[in-house]
Amino acid sequence: MSVFRSDLSLDARDATGTGAETDVALNLATGNIRLSIFWTQEIQLSADDADQVAEALQRAAAESRSLAMTKEAQATEDPTGPPAA
């Protein structure tokens, strides 16, 4: 099982027809975001595909922040439970 979760709604491909693709994925263990370009070292995107990549990065960033807040909240919780009344 991979620690990376890809944005499955992203379908951005090279505008020149090389077949290159992009992937935006969140590392569920660290909260880091991976931007991958497959099959080449660079990619030329249409304006619409560039928007898709930007939106996927924004979704991943928001999810990363949420993951960090959840981990922080769990770390600060008292493991013994609520105080006795």
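The values are calculated or read from the model by the stated rules, or taken from the named source; none is laboratory data. The structure displayed is predicted, hence computed values, not measured ones. Using ideal geometry, Cβ is built from the backbone for each residue, glycine included, and neighbour counts are taken over all protein chains shown.
Looking at this structure, is ASP78 at pLDDT 95 or above and not basic (Lys, Arg)?
Spelling it out, it is not the case that ASP78 is at pLDDT 95 or above and not basic (Lys, Arg).
Can GLY31 be described as assigned to a loop (DSSP other than H, G, I, E, B) and loosely packed, with under 12 Cβ neighbours inside 10 Å? Walk me through it before giving the result.
Values: assigned to a loop (DSSP other than H, G, I, E, B): yes; loosely packed, with under 12 Cβ neighbours inside 10 Å: no.
No, not satisfied.
Table: residues versus (1) assigned to a helix (DSSP H, G or I); (2) surrounded by 16 or more Cβ atoms within 10 Å (Cβ to Cβ); (3) touching a residue at least 12 places away in the same chain (Cβ under 8 Å).
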| position | (1), (2), (3) |
| --- | --- |
| ARG5 | no, no, yes |
| LEU10 | no, yes, yes |
| THR18 | no, no, yes |
| ASP23 | no, yes, yes |
| SER36 | no, no, yes |
| GLN44 | no, no, yes |
| ASP48 | yes, no, no |
| SER64 | yes, yes, yes |
| ALA68 | yes, no, yes |
